[in-house]
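Here the structure is laid out as C-alpha cells; the discussion comes afterwards.
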Amino acid sequence: SVEEFLNGARVVVSARTYADFTPQATFDIKKCDLHKLEEGPPLQAVLTREEGLQYYRTMQTIRRMELKADQLYKQKIIRGFCHLYDGQEACAVGIETGINLSDHLITAYRAHGYTLTRGGTVREIMAELTGRRGGIAKGKGGSMHMYTKHFYGGNGIVGAQVPLGAGVALACKYLGNNEICVCLYGDGAANQGQIFETYNMASLWKLPCIFICENNKYGMGTSVERAAASTDYYKRGDFIPGLRLDGMDVLCVREATKFAAEHCRSGKGPILMELQTYRYHGHSMSDPGVSYRTREEIQEVRSKSDPISMLKDRMLSNNMASVEELKEIDVEVRKEIEDAAQFATTDPEPPLDDLCNHIFYNDPPMEVRGTNPWTKLKSVS
Amino acid sequence: FSMQAIDQVINSAAKTYYMSAGLQPVPIVFRGPNGASAGVAAQHSQCFAAWYGHCPGLKVVSPWSAEDAKGLLKSAIRDDNPVVFLENELMYGVPFEMSEEAQSKDFLLPIGKAKIERQGNHVTLVSHSRMVSLCLDAAAVLAKEGIECEVINMRTIRPLDAEAIETSVMKTNHLITVEGGWPQFGVGAEILARIMEGPAFNFLDAPAVRVTGVDIPMPYAKILEDNSIPQ
C-alpha cells in the first residue's frame, strides 16, 4: 500500500543521521609473528567511531603534509634533506595511540609524522622545513632536527638515536615514573653496531624500552635481501622478545604497541617490534625511488595496502562513517595544510642576531668569533 | 676509546641545544683519562684536547692539580651543558697540597678561567694538565739563571681564557705554549693564532713558540716514548 511505501521511505532517510552510525566495531587483525614470547597481542581490535575518525584525520594530515612538502621541495622552497613519510602513516599514528603523551619517543630522520603525533603543529613543522622563524626549532634545525616535549627528534646519524633512547628509558626507570621510551630505527640502521650494544645494556638492566624497527624494505637504495644476513628484524634482538606485524594496519600497530608498553611497564625489560611498512617516496627528495624498485611494486602497495584506504574501507563497510563525512575531513585537512604552507612560505627567516644563540643552556651571555677576528657576535642562552 | 663514542659526544650532545633552538638542553659530563700515559703505545696515548676543543656546544676542561680536579669536576657536573673532562692517568697518583677552602664541600672552580701558578716577568709559559708540572720544573731551573717564568695553568681548553694569556704576554713580551698533543691544529696553534689576532701581538718581542708532542703515533719502547713528548 502507499502507506507502507511511505513508512519504508522514512526509514531509509533516517538511516543517514549520525545517531545511526555504528558506535564501535570489532575487527580481526593479523596475528603477529612471535620471538621468545608465549603470547602475543590480541587477534581482534575494538575501534570506536571517534577513534576511527581521529586516526583517519591524523593519517590524512600526515599524508597531505608530506605531499605538500614534496611540492615545496620541487619549488625549491624547502632545501637540503627531506625524507618523506607517506605510506608509513599507520606506524606513527598506531604507536601514539598505544602509548601516552607522557611517554617518550625518539626516531631517526624520517620524522615529520612523529613530530605531529607527538604534539607539533603542521604550521610549525612546515615552517621548520622552509627554515623560518616560526618553525618548531626556530628554523635552526630543519627537516631532521625537530623536537617537542618528550620527543627527542629527529636524528641525522643512522642508528645514533637508539642508544639515546635507551638512555631515556634508563632515566624513566631511575626516576620510577612508570614511563617508557619508544625507540625507532629502520631496516638499514638495524645492522648498526651501536644498536646491538644497546640491546645488550637495555636487556641487562631491564630498561623500559620498546625498540621498533620500521622495515620499509629498503635502506636508501639497498633492499633488505642485499643488506641483511637475517631479515627477521624482530629476532635480531636475540635475547630480547620480539614481534613482527603489519605496519600498514593502524589497529595492528596499536594493539602491538599496547602489548609492548604493558610488557615494559611491568618491569620485564625491553621488547622489540618489527613493523612491516612501505614508503611511497624514495629515500629522500634526491632519490626518485624507482631505480631499485619497480613502479608496479609501488602501485601494488598503494592499491592493496594503503593504510588510509584500509581504515576508510573498514569504517565505511561497517557503517561507522559516511563517505561525505570523510570527504569533509579531507577538505578540512587540505585547508589546514594550505594555511600551514602559506605560513611556511611567508613567515620571515630567523633574524641574524639569533645566529649564535642557543649554544649553551643557562649560561651568561658570551661572545662568539665571527668569520674574521674583528667580528664578535653575541650569544645568549 | 673516546673515538668510538665521539659521534654521540659531538652530534648528539654538543649540537642538540642549538639544533633544537633551546628546546633540549644536554647536561652531561664525559670524563676520562686523556693523552699519553706510560708504555701504553699508540692507540692509548692520543690527546683529544684539540679535537674536542674544536667543537662549538662543548665545554672542554683539563685539570692539573687536585684542587683543579675537584673544583672543575663539581662545576662541570653543575653546568647544564655537555662538558668533556680530560684527566691524565699519570696525574692520578701525584699528591697535591689542598687548602682548607679547597677541601670544603662546595668548592667550585669556574670553567673558562685560567690560573697563574707562578708569577714571572720574562716569559709566559702556557700549558694544561700534566705539562703544567713540566713548566714549573723548567721555571725552577731557569730561575737559577735569572729568568723568571710566568706559568699559566689553562684549566679550561674551551672556552679558552685568552684574556689571561694576553695580559701575561703584555707583561713578559715572550710566549711559549707547552702541550702533550700533536702540533698540527693543536691547542698551542689556537693560542698563537689568538695572540696574533689580539692586542698582545704588538707586545711580543719575538715570535711565539709551541712546544708539543712529536708528530708521530706514540711508540712503545721507553727510550722512544720519552723522546716523543716534551721533557
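Checking the conditions here, which among A:Gly87, A:Gly94 is among the small types (Gly, Ala, Ser), open to solvent by less than 80 Å² (accessible area, probe 1.4 Å) and at positive phi? Let's see the steps before the verdict.
Details: A:Gly94 fails: at positive phi.
Selected residue: A:Gly87, the only one of A:Gly87, A:Gly94 that is among the small types (Gly, Ala, Ser), open to solvent by less than 80 Å² (accessible area, probe 1.4 Å) and at positive phi.
Could you list, in sequence order, the residues of the stretch A:346-360 that are surrounded by 14 or more Cβ atoms within 10 Å (Cβ to Cβ) and on the phi < 0 side of the Ramachandran plot? Don't jump to the end; show me each part of the working.
From the stretch A:346-360, those surrounded by 14 or more Cβ atoms within 10 Å (Cβ to Cβ) are A:347, A:350, A:354-360; that's our starting set.
Passing the criteria: A:Asp347, A:Pro350, A:Asp354, A:Leu355, A:Cys356, A:Asn357, A:Ile359, A:Phe360.
Residue count for the stretch A:135-174 satisfying the condition of being over 19 Å from A:His83 (Cβ atoms) and at the interface with chain B (Cβ under 8 Å from one of its Cβ atoms): 2.
Condition check for B:Ala162 on (1) under 15 Å from the mean Cα position of the chain (by Cα); (2) more than 27 Å from B:Pro27 (Cβ to Cβ); (3) free of Cβ contacts under 8 Å to residues at least 40 places away in the same chain: one failure, at (2). Of all residues in the stretch A:364-381, exactly one satisfies the criterion of being within 13 Å of B:Ala21 (Cα to Cα) and either away from every other protein chain (no Cβ under 14 Å) or in a strand (DSSP E or B) (or both), namely A:Ser379.
In the stretch A:310-344, which residues are among the hydroxyl-bearing types (Ser, Thr, Tyr), assigned to a helix (DSSP H, G or I) and open to solvent by less than 50 Å² (accessible area, probe 1.4 Å)? If the condition is that a residue be among the hydroxyl-bearing types (Ser, Thr, Tyr), assigned to a helix (DSSP H, G or I) and open to solvent by less than 50 Å² (accessible area, probe 1.4 Å), then no residue fits.
Could you please let me know if B:Thr172 is within 14 Å of chain A (Cβ to nearest Cβ), surrounded by 18 or more Cβ atoms within 10 Å (Cβ to Cβ), touching a strand residue (DSSP E or B) at 6+ places or on another chain (Cβ under 8 Å) and at pLDDT 95 or above?
Working: within 14 Å of chain A (Cβ to nearest Cβ): no; surrounded by 18 or more Cβ atoms within 10 Å (Cβ to Cβ): yes; touching a strand residue (DSSP E or B) at 6+ places or on another chain (Cβ under 8 Å): yes; at pLDDT 95 or above: yes.
So B:Thr172 does not fit the description; no.
Residues that are more than 11 Å from chain B (Cβ to nearest Cβ) and of a type in the set (D, E, K, R) occur in the stretch A:352-363; there is at least one.
When the residues of the stretch B:1-25 are narrowed to those that are closer than 10 Å to A:His358 by Cα and open to solvent by less than 40 Å² (accessible area, probe 1.4 Å), which ends up farthest from the other protein chains (Cβ to nearest Cβ)? By that ranking, first place goes to B:Thr16. Selection of strands (runs of 3 or more DSSP E) fully inside the stretch B:114-159 by the criterion of at least 2 residues being closer than 18 Å to B:Ala200 by Cβ and open to solvent by 30 Å² or more (accessible area, probe 1.4 Å) returns nothing. If the condition is being open to solvent by less than 30 Å² (accessible area, probe 1.4 Å), assigned to a loop (DSSP other than H, G, I, E, B) and within 14 Å of another protein chain (Cβ to nearest Cβ), then the stretch B:51-66 contributes B:Cys55, B:Gly57, B:Leu58. Remark: pairs (first residue in the stretch B:124-143, farther than 19 Å from B:Ser62 by Cβ and not assigned by the TED database to the domain that holds B:Pro33; second residue open to solvent by less than 10 Å² (accessible area, probe 1.4 Å) and of a type in the set (Val, Ile, Thr); Cβ separation under 8 Å; 6+ apart in sequence or on different chains) = B:Ala139/B:Val151. Selection of first residues in the stretch A:207-223 that are more than 21 Å from A:Leu175 (Cβ to Cβ) and of second residues that are part of a strand (DSSP E or B) and of a type in the set (Asp, Glu), restricted to Cβ pairs under 6 Å at least 6 apart or on distinct chains, gives the following pairs, ordered by first then second residue: A:Cys213/A:Glu274; A:Asn215/A:Glu274.
Looking only at the stretch A:168-225, which residues are in contact with a Cys (Cβ under 7 Å, 6 or more places away or on another chain) and in a loop (DSSP other than H, G, I, E, B)? Passing the criteria: A:Glu179, A:Ile180, A:Asp187, A:Pro208. Counting the residues of the stretch B:78-131 that are closer than 24 Å to B:Ala208 by Cβ, within 17 Å of the chain's Cα centre (by Cα) and more than 14 Å from every other protein chain (Cβ to nearest Cβ) gives 14.
Determine whether the stretch A:268-275 contains at least one residue that is aliphatic (A, V, I, L, M) and surrounded by fewer than 20 Cβ atoms within 10 Å (Cβ to Cβ).
Initially, the stretch A:268-275 is screened for residues aliphatic (A, V, I, L, M), giving A:271-273, A:275.
This time we only want the ones that are surrounded by fewer than 20 Cβ atoms within 10 Å (Cβ to Cβ), so: none.
For the stretch A:268-275, residues aliphatic (A, V, I, L, M) and surrounded by fewer than 20 Cβ atoms within 10 Å (Cβ to Cβ): absent.
Selection of the stretch B:191-231 for residues being among the polar types (S, T, N, Q) and more than 26 Å from B:His54 (Cβ to Cβ) yields B:Asn202, B:Asn227, B:Gln231.
Every condition in (1) within 14 Å of another protein chain (Cβ to nearest Cβ); (2) over 23 Å from B:Gln119 (Cβ atoms) is met by B:Pro199 except one, and the failing one is (2).
Restricting the stretch B:29-50 to residues that are surrounded by 20 or more Cβ atoms within 10 Å (Cβ to Cβ) and either small (Gly, Ala, Ser) or under 18 Å from A:His150 (Cα atoms) (or both), the residue that is farthest from the other protein chains (Cβ to nearest Cβ) is B:Ala36.
Determine, yes or no, whether A:Glu255 is touching a Phe, Trp or Tyr at 6+ places or on another chain (Cβ under 9 Å), within 22 Å of A:Thr115 (Cα to Cα) and among the acidic types (Asp, Glu).
Values: touching a Phe, Trp or Tyr at 6+ places or on another chain (Cβ under 9 Å): no; within 22 Å of A:Thr115 (Cα to Cα): yes; among the acidic types (Asp, Glu): yes.
In short, no.
The values are calculated or read from the model by the stated rules, or taken from the named source; none is laboratory data. It should be emphasised that the depicted structure is a prediction, and the values quoted were computed from it without experimental measurement. Positions of Cβ are generated from backbone atoms using ideal geometry, with glycine treated the same way; all protein chains shown enter the neighbour counts. Calculation scope for accessible area: heavy atoms of the full protein, side chains included, ligands and nucleic acids excluded. Shrake-Rupley method; radii C 1.70, N 1.55, O 1.52, S 1.80 Å.
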